[in-house]
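Asks: Handing you this structure, nothing more for now.
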Amino acid sequence: MTADEPDVRPHPHESQRDEHRRSPRRECCQATVTRGDLAGAPQVGSPACAGPDELTLGPEDEPWVAFDGPCGVDDDPPIELRMLENGGDALDVLLRLVGAERSGPAALWFLVLDAHDRVLPSVLPISDVPTVPDRVVADNLVHVLSSVLDNDAIGGSVVIAYVRRGGGDRGAFENAWSTVLRDRAATERVRVRAEVAIGRDRARVLSPGW
């Protein structure tokens, strides 16, 4: 690997429930990407856990999830290699990974799926992203994702989560970043399986892809 290549090193999920209960945060499936790799992009955040309380219907008959419950309940299905069947499954997994960071500043999270829509042990969280998309950052993010798919998930795809405290719906932040990332993904032939929006008090599937 040269100095100019992205440093993509997926970290495995924790597999033991006892380890999850001992730790206040689940250190699951994180890919390490440095500020230099993204030419000035914000640094990677740390995943945690969360779970939806109830499902309600929002405008346009798309599901919203309202949540304020404990994370890490014992009957949570394992995340790694879980096969996603719809956008709601993707949202459920990302809610658990994002956890308390849904109350933080704007961030982008990328979940990697294999060709059969199974969750792979790699997630790319980028925190403190600007409200207005940075095309250089977007280019390098998609390049990193393309490398992960080419090396670890031929025929796979990504799920994008737009995370911010006041988010969880379509807004200027979500629409702007979606437009730029989808444009770059099409150029790099990175398949976007779904997009979700996650905020402190609500979340929804923006484009299910199934």
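Asks: Output the residues belonging to segment 121-152 that are surrounded by 20 or more Cβ atoms within 10 Å (Cβ to Cβ), under 17 Å from LEU81 (Cβ atoms) and in contact with an Asp or Glu (Cβ under 8 Å, 6 or more places away or on another chain).
Replies: Listed by number, the list holds a single entry, SER122.
Asks: Report, by residue number, each residue of segment 161-200 that is small (Gly, Ala, Ser) and crowded, with 17+ Cβ neighbours inside 10 Å.
Replies: Once the filter is applied, which keeps residues that are small (Gly, Ala, Ser) and crowded, with 17+ Cβ neighbours inside 10 Å, segment 161-200 yields ALA161, GLY167, GLY168, SER178, ALA185, ALA194, ALA197, GLY199.
Asks: Applying the selection to segment 108-124, what residues are more than 17 Å from GLY88 (Cβ to Cβ), assigned to a strand (DSSP E or B) and not small (Gly, Ala, Ser)?
Replies: The answer is LEU108, PHE110, VAL112, LEU120, PRO121, VAL123, LEU124.
The numbers here are math on the coordinates, done by the rules we state, and not lab data. All values reported here derive from a predicted model rather than from experimental measurement. When we count neighbours, we look across all protein chains shown, and the Cβ atoms used for this are built from the backbone with ideal geometry, even at glycine.
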